[in-house]
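Have a look at the structure below, then the notes.
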Amino acid sequence: MNGLRDGSLLRQQGLIDGEWCGAAAGHTIEVTDPATQHVLGTVPDMDGADTRAAIAAAEKAFSSWRKKTHAERAALLEAWHDLMLDNIEDLALILTREQGKPLTEARGEIRYGASFIKWFSEEARRIGGTTIPSPTADRRIVVLKEPVGVSAIITPWNFPNAMITRKVGPALAAGCTVVIKPSDLTPFSALALGVLAERAGIPKGVINIVTGMPAGIGDELMTNQTVRKISFTGSTRIGSLLMRGAADSVKRLSLELGGNAPFIVFDDADLDLAVEGAIASKFRNGGQTCVCANRLLVQSGVYDAFAAKLGARISAMKVGVGTDAGTDIGPMINKAAIEKIKRHVDDAVKKGARILATASSVPAGDQYAVPMVLGGATTDMQLASEETFGPVAPLFRFDTEEEAIRIANATPFGLAAYFYTESLKRSWRVGEALEFGMIGLNTGAISTEVAPFGGVKQSGVGREGAQCGIEEYLEMKSFHIGGLS
Ligand SMILES: O=CCCC(=O)O
């Protein structure tokens, strides 16, 4: 890959038990640049047998990793974090090339990703336990916190770095070992993290990375008795398949699944702030983020003004190759993504929506979606019930607060929601009425290592980040000590 300062970060092998290796069966898959369709390289197309080897390596490493002191684990995580920031330019370039997002956003993702490693290196020192007043005089009861065990980490293509670190950070801090299955579309970011983990001194077998198509690897991770925990970010369809597959061996699960985020602008909102928030939330990663605003609900009194302001911002957007200076929106990840966006726009227009504004600078090529504002969106349109996952901002007009809350909650998903108002009373009323795991009030940015990240309803189970994130990788053991009288 041209432009890397350290070419050894582009690794084209999987990582099992400290060995960089190919698939046992010798198969490989190509990884392409979504902007150019050029092949960037290949990675092993591993299967169930390779995955079993990775799980066995993680199991072997678990017995010594769990016994390290919290300070020892924290020091290794800190070293890994520092190496990520030292190599930010290369990690960002690899990420942009395989995923497409603009380089400035890719740098942001590396900093965001590294922040989870730093955060959980600190949390490693704070894994405590409790003592419980005993019901009898001759006994004492303490609750110990112990690592869950070998954890499967299955991650998506839209955040190829940060979705790994948000899971691996707490897993390692807790004393678990991991088998990572990155998306087959974006494995190089994961492998570069593996190279840096090795340089940081994280022992062999603690982090294993299996690359390739999902079916064989996923089946093994789901059913293997040694795997005690699965953490997955991706679609609700796959999340529920994993839940079913993991049921026979009763694994712990953390699932961060699909969303359908409402973004509500009330008449009393600061409109400029709302437009900033809409740009940040709707157009992050070209709209390919699970917490992206999907439905923009705008109250009648400010509908036209908001549409005009948002339209002006979108008209000025530059679409193009992520590594070109000034690019705001990169290519979409693949043809299926483009087709879905097109289907949503065609359906909306057929049902009466109007295109109010589009980005003026969009290169030719069917890998690019046109950023746009759609006016007159209604709840019978496909884009009201499905995540578009693209740079299309549909505006739904509403009249009353009750109507906005009803429309916002009319979805089986419950990941993120946003609303804008200057009223204190309304802030609390609406914040409490929205059925979502994360709410942004007068902000479109809710992603940070310090706050719990996760959803309700079909958007998943469990929380990542924050102080609670490490609990997902810890078991409680009640220890009853008798005969003390
Ligand atoms: O799309 C997945 C999560 C992105 C984020 O952490 O904000």
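None of the figures in this text is laboratory data; all of them are computed from the coordinates on show. Remember, predicted model here, so these are calculated numbers, not experimental data. Using ideal geometry, Cβ is built from the backbone for each residue, glycine included, and neighbour counts are taken over all protein chains shown.
Structure notes:
- Our summary gives the range 244-343 a relative contact order of 24 percent, counting only alpha carbon pairs under 8 angstrom and 6 or more residues apart.
- Likely footprinting exposure, Thr223, Thr177, Thr421, fewest C-beta neighbours within 10 Å first: Thr223, Thr421, Thr177
- About its Cα centre, the dipole of the range 335-474 is roughly 420 debye, where the only charges are +1 on Lys and Arg Cβ and -1 on Asp and Glu Cβ.
- Pair Asn2, Thr226: separation of 7 Å Cα→Cβ label points (nm): 4.4
- Gyration tensor verdict on the chain (Cα atoms; rounded if a/c is under 1.5, prolate if a/b is larger than b/c, oblate otherwise): oblate
- The lysines whose alpha-carbon is closer than 24 Å to the alpha-carbon of Lys350, local same-chain residues fewer than 8 away aside, are Lys282, Lys335, Lys340, Lys342.
- Among Arg139, Arg11, sorting on how many other beta-carbon atoms sit within 10 Å of each Cβ, with the fewest leading, yields Arg139, Arg11.
- The range 261-441 - percent relative contact order, Cα under 8 Å, separation 6 or more: 29
- Long pairs among Lys167/Lys229; Lys68/Lys145; Lys68/Lys229, criterion Cα-Cα beyond 18 Å: Lys68/Lys229
- Considering only beta bridges that DSSP places wholly inside the chain, some 45 percent are antiparallel.
- DSSP-defined antiparallel bridges as percent of all bridges, the range 261-441, nearest 5: 15
- Ellipticity estimate at 222 nm from DSSP helix runs (n ≥ 4, -39,500 (n - 2.57)) divided over the chain, nearest 500: -12000 deg cm²/dmol
- Between Val450 and Arg244, the simple label model (points 7 Å from Cα in the Cβ direction) yields a spacing of 4.2 nm.
- Size of charge dipole - the range 72-170 - debye, nearest 20, with Cβ of Lys, Arg +1 and Asp, Glu -1, no other charges: 420
- Nearby lysines by direct alpha-carbon distance to Lys425 (threshold 17 angstrom, same-chain neighbours under 8 apart not counted): none
- Across the range 219-229, computed HN-Hα scalar couplings (Karplus, 6.51 cos²θ - 1.76 cosθ + 1.60, θ = phi - 60°) run 4, 5, 4, 5, 9, 5, 5, 6, 6, 9, 8 Hz from first to last residue, x flagging Gly and Pro.
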